[in-house]
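I have a structure I would like to understand better, so I am pasting it below and will then ask my questions one at a time.
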Amino acid sequence: MTTTSGVPGRRPDLPTGTVTFLFSDIEASTRLVQEVGPDVFRATLEDHHRVMRTAFSANGGVERGTQGDSFAVIFREGPAAVAAAVAAQRALADHAWPPGASVRVRIGLHTGLGIAGGDDYVGVDIHRAARIAGLAQGGQTLVSDATRALVERDLPPGTSLRDLGVHRLRDMTHPERLFEIVVPGISPVAGSLRAAPAGNVPPALTALVGRGHDLDELTRLLEASRLVTIIGPGGIGKTTLALELARRVAADHPDGAWLARLDAVSDGALFDTTVVDALGIPDAGTRTPAARLEDHLANRALLLVLDNLEQLPGVGRRIVDLLGVAPGVRVLATSRGPLGVSAEQIYPLEPLAIENDEHGTPDAVRLFIERARRARPAYAPDAADEAAIAAICRRVDGLPLGIELAAAQVRILPMRAILDRLERRLDLPTPGAADLPARHRTLRDTVAWSYELLDPAARGVLRRLAVFEGGSRLDEVERAVGGGVGGAVGGAPDGDADVLSSLTALNDHSLIVPRSGVDGPRFAMLDTIRSFAGERLEESGEGEDARSRHAVAYLALAEAEAVHLPGREQAVRLERLTEDHDNLRAAVAWSIEAGDAEMGLRFAASLWRFWQLRGHLAEAHAVMPRLLGIPGAERDDVLRLRAIEAAGGIAYWRGEIAEARAHYETQMRIARSIGDRLGEADGAFNLAHAISVGGEGDAAAALLGRAGDLYADLGHERGQARVAWARSAGGLINGETGFNLGPEALDVLTAMHARFEALDDFLYAELCVGSIAWVNLVLGNIVEAARWGGRAMRTSWQAGSVSDTTFSLRAAAIVAAETERWQEAATLLGAYEEFERRFAVRPPVILEVVTGRADPSTVARAHLGDAGFSAAAEFGRAMSFDEAVEYALDMIGSLA
């Protein structure tokens, strides 16, 4: 046998190798200190320590440590450990303790590997010994089978071994056969172990899939707090998780774990009666259930599981009262919302994971397959089934109840049919699931349970939330449900509603999910709940009004953000609109379906820059004719003027020049017909760019002259500056003569950039940066072209403009080709082609035509060969947008 020595941070006296671990502690020491008082208990504890240490040292034990009344001692030989334990038990029995102080010690021994780690042991054997000690009663010494094999022929005189059978130890994978060292006159009743914790928590009938992290977190929280509430929507698995946790920690509570189901109780006055019945507390004549419950819990150390409390408002205060009179009790509650008391530790339960991650099959899919095999034991999903299962799990939001209800259908329906049924409706009854509560027989029932608990105002708000796509901010909710906090719920029959109070109530019932948004909190719903709310909305007759208010709310958002696009704040403004893109789509669709021409034209004018900057040009191009074609939208007025200009902008950025030209010509006609001189100036400026692409330089220059005159008459400084830019080397609109580009062009553009900065014209200031880059490229200043081009790319990328940034990728490819970086050129061209296709964005003029440079794809292919070029381009096509931009900036940075 060896001992560790000479290792820094490690106790040299702790033996290693095969050793026997001994754990001991005083039975009911907490009760003892209360009975005899702290002074007597202190003297008693000192006597206990002296007796124990005498027995240990006499038999070669090495004390690992002591905590309170507990010892951990290591012996090099099993027989010595048993001799020490028996000597200690006999000495304790013979000791003269103070009056009222009866000291009985439980001891457990196990022989295994003593593996040193730091200044202590590592490995499972030391923990096994502690678990064995935990099963002993006062005066009893238990040993494992490994220790029994070493000591059975060398027991202390007068003692014997008794086989107590196989027992499962807490947290241990494998059970252990235990033996008792029988010491006549000292050992407790023959063959008995410490009484198993009482309780009524039922055994698990099915395996818990996933939730390992939740169990670990809840175990930790329950150790730190005496009231823990698991909250979440119906069907998320709160009860299942609470019961599994109760089974896990029952042994840590001397009086066990007890379950009281409150789902059938709607009257708070019946709470005490229901819990009294669940705990089996006997009747006591005329004493009230509350008094009987308090008396029963006062001196007990138990876990009380209170299941389904959401329909008992105010019950949290009663629970706090009980905890006040019962210091040894802990409460684990389940509810769809918090109990609302300060002592409460809330644990929001999330749905099961739906998407694949590094750990393999997601928990939701694993649960589906496991439950499906209960219905069809031989079920083995093929590839098509696996895709359908993933879609089913998404459709039910990863809710365990929804997954189990759907999985039960595999005995009668193919997987595709189950998915089709779910996509049409929520009710999937589980055949034969008689043990399910009535509220859990279908998904609709479990949502309806919460819905019926709401007051009328909160029900009205929930119904109207069904019109929102992907959640919403408080501002839009208030508009959609009826005009702000304190306003009526949109004419709903439920009367007035304080919207924020109703949202709080919905959150408390886990019917909405608060989430962080770009500029504050958002409120979302699981799809299952939203489907239910949508059904109630249509039944109520409020659907049309709710959708109309929703559209008005998002028109206000679109117009409020449009004034900042483009602009220095555009990154955050674009994120704000992107966050509500689905709501904006729904609002635009409603304006078309409802035939609201004014709303449709206003949406077209306010959203086009968002669509363009974020690369939603295909979507915009498809919806624009529908908005312009709403009956009543054909009148020549300022609304149609701005919508037509927006349609021209969308076509221009898609490279549809003939279409853009037609729209801009219409813009000018309408502006003249209604006397809108600014509109005419904008139309002339836009049309000049469109026709210049086709080579009509003189006509374009004339249009620019008209725009400049109008802007000057109106005192419109931005317009005048933009015309000046378009006439410069930056805009290339100067009649048929073209430009003689020289160094002076850079001076002009630098001055114009300063002018736009002074006017806070973000868009054209950045266009000047791009112009400086390509003029340097024309002049052969490749490093300067790269530096300015990199600046333009970084600015547009950080500002959230995918269209501008996509064009910059082609410019970067030209720079790469000019510097003979053929691999980088091909890669960037592949990325550019992918994002040009994905965002449906196309430059009106290919950049190399303007700069007089060769097509970079032609020269790169010539140097790399077809195979090399294709491989590099494919690499670029596989990049994400951000990866492609970073790749380009890295290449540019190496030049600059």
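The values are calculated or read from the model by the stated rules, or taken from the named source; none is laboratory data. Please read all numbers here as calculations on a predicted model, not as lab measurements. All Cβ positions, glycine included, derive from the backbone under ideal geometry; neighbour counts span all protein chains shown. We work out accessible area using only protein heavy atoms, side chains counted, and drop any ligands, DNA or RNA first. Shrake-Rupley method; radii C 1.70, N 1.55, O 1.52, S 1.80 Å.
What's the whole-number percent of alpha carbon pairs in the chain lying beyond 43 angstrom?
Working: 222325 of 400960 pairs.
Every Cα pair in the chain considered, those over 43 Å come to 55 percent.
Give the Cα extents of region 207-354 along the principal axes, in whole Å, largest first.
54, 32, 29
Given the alpha-carbon gyration tensor of region 86-178, what are the semi-axes of its equivalent ellipsoid in whole angstrom, ordered largest first, with each equal to the square root of 5 times an eigenvalue? Present the calculation step by step, with values, prior to reporting the outcome.
Values: eigenvalues 128, 60, 40 Å².
Equivalent-ellipsoid dimensions as semi-axes: 25, 17, 14 Å.
If you don't mind, there's one more thing I want to ask. Once you put a point 7 Å from the Cα of Arg672 and another 7 Å from the Cα of Asp455, both along the Cβ direction, what distance in nm separates them?
A separation of 6.4 nm, rounded to one decimal place.
Loop sites only, by DSSP: take the GluC sites (Glu not before Pro) in the chain that have at most 15 other C-beta atoms within 10 Å and name the longest stretch containing none of them.
Values: sites that count: Glu152, Glu355, Glu358, Glu569, Glu634, Glu820.
Free of exposed loop sites, the longest segment is 359-568.
Helix 782-798 versus the longest principal axis of the chain: what angle, 0 to 90°, nearest 10, using Cα atoms?
60
If you don't mind, another one. When the helices in the chain are scored as -39500 (n - 2.57) per DSSP H run of 4 or longer and the sum is shared across all residues, what 222 nm value do you end up with, to the nearest 500 deg cm²/dmol? It would help to have the intermediate numbers written out before the result.
Details: 37 runs with 493 residues, N = 896.
It lands at -17500 deg cm²/dmol.
Then there's this: Between Asp13 and Ser225, what FRET efficiency follows from the Cβ-Cβ distance if R0 is 45 Å, with the result rounded to 0.05? Kindly include the intermediate steps, with their values, before the conclusion.
On the way: r = 39 Å, r/R0 = 0.87.
In this case the efficiency is close to 0.70.
On to the next question. Please give the FRET efficiency for Glu370 paired with Ser516, using the beta carbon to beta carbon distance and R0 = 35 Å, rounded to the nearest 0.05. Please report the intermediate quantities before stating the final value.
Details: r = 34 Å, r/R0 = 0.96.
For R0 = 35 Å, the calculated efficiency reads 0.55.
Over the chain, give the accessible area per residue in Å² for a 1.4 Å probe, as an integer. Before the final figure, lay out the partial values.
Working: 38020 Å² over 896 residues.
Result: 42 Å² per residue.
In µm²/s, what is D for region 621-702 at 20 °C and 1.002 mPa s, where D = kT/(6 pi eta Rh) by Stokes-Einstein and Rh is the Kirkwood radius from Cα pairs?
169
Using only Cα atoms, figure out Rg for region 605-649 and give it as a multiple of 2.2 N^0.38 Å. Show your work: numbers first, answer last.
Values: Rg = 10.4 Å, N = 45, 2.2 N^0.38 = 9.3 Å.
Dividing the Cα Rg of region 605-649 by 2.2 N^0.38 Å gives 1.11.
Evaluate Rg over Rh across region 41-132, taking Cα atoms for both radii and Kirkwood's formula for Rh. Kindly include the intermediate steps, with their values, before the conclusion.
Values: Rg = 13.9 Å, Rh = 14.1 Å.
Across region 41-132, the Cα-based Rg/Rh ratio is 0.99.
Sticking with this structure for a sec: Multiply the residue separation of Asp216 and Ala560 by 0.36 nm, subtract the distance between their alpha-carbon atoms, and state the gained length in nm to one decimal. Don't skip to the end; give the middle numbers.
Working: separation 344, 0.36 × 344 = 123.84 nm, distance 4.69 nm.
Contour length minus the Cα-Cα distance gives 119.2 nm.
Can you give me the % of accessible surface on region 501-548 that is carbon or sulfur? Probe 1.4 Å, all protein chains present, nothing else counted. If you can, show how the numbers build up before the last one.
Details: 970 of 2040 Å².
Summing carbon and sulfur atoms, their accessible area is 48 percent of the total for region 501-548.
Any chance you could list P(r) for region 302-353, counting all Cα-Cα pairs in 5 angstrom bins from zero, rounded to whole %?
Once binned at 5 Å, the Cα pair distances of region 302-353 give 4, 19, 30, 26, 12, 5, 3, 1, 0.
Shifting gears a bit: For the chain, give the share of DSSP beta bridges that are antiparallel, in percent and rounded to the nearest 5; count only bridges with both residues there. Intermediate results must be reported in sequence, preceding the final value.
On the way: 42 of 65 bridges.
In the chain, approximately 65 percent of DSSP beta bridges are antiparallel ones.
For region 563-691, restrict the atom set to alpha-carbon positions and state the Rg and Dmax in Å.
14.2, 39
Starting from the Kirkwood Rh over alpha-carbon pairs, what translational D in µm² s⁻¹ does region 753-797 have by Stokes-Einstein at 25 °C and 0.890 mPa s? Don't skip to the end; give the middle numbers.
On the way: Rh = 10.5 Å.
Reported coefficient: 235 µm²/s.
Please state, as a whole number in µm²/s, the translational diffusion coefficient that the Stokes-Einstein equation yields for region 801-891 at 37 °C and 0.692 mPa s, with Rh defined as the Kirkwood radius across alpha carbon pairs. Before the final figure, lay out the partial values.
On the way: Rh = 12.7 Å.
It diffuses with D of about 259 µm²/s by this estimate.
How about region 609-679: which trypsin sites (Lys or Arg not before Pro) there lie in a loop by DSSP and see at most 14 other Cβ atoms within 10 Å? Intermediate results must be reported in sequence, preceding the final value.
Details: sites: Arg609, Arg614, Arg626, Arg635, Arg640, Arg642, Arg654, Arg661, Arg669, Arg672, Arg677; in loops: Arg614, Arg635, Arg654.
When the trypsin sites (Lys or Arg not before Pro) of region 609-679 are filtered for loop state and at most 14 Cβ neighbours within 10 Å, Arg635 remain.
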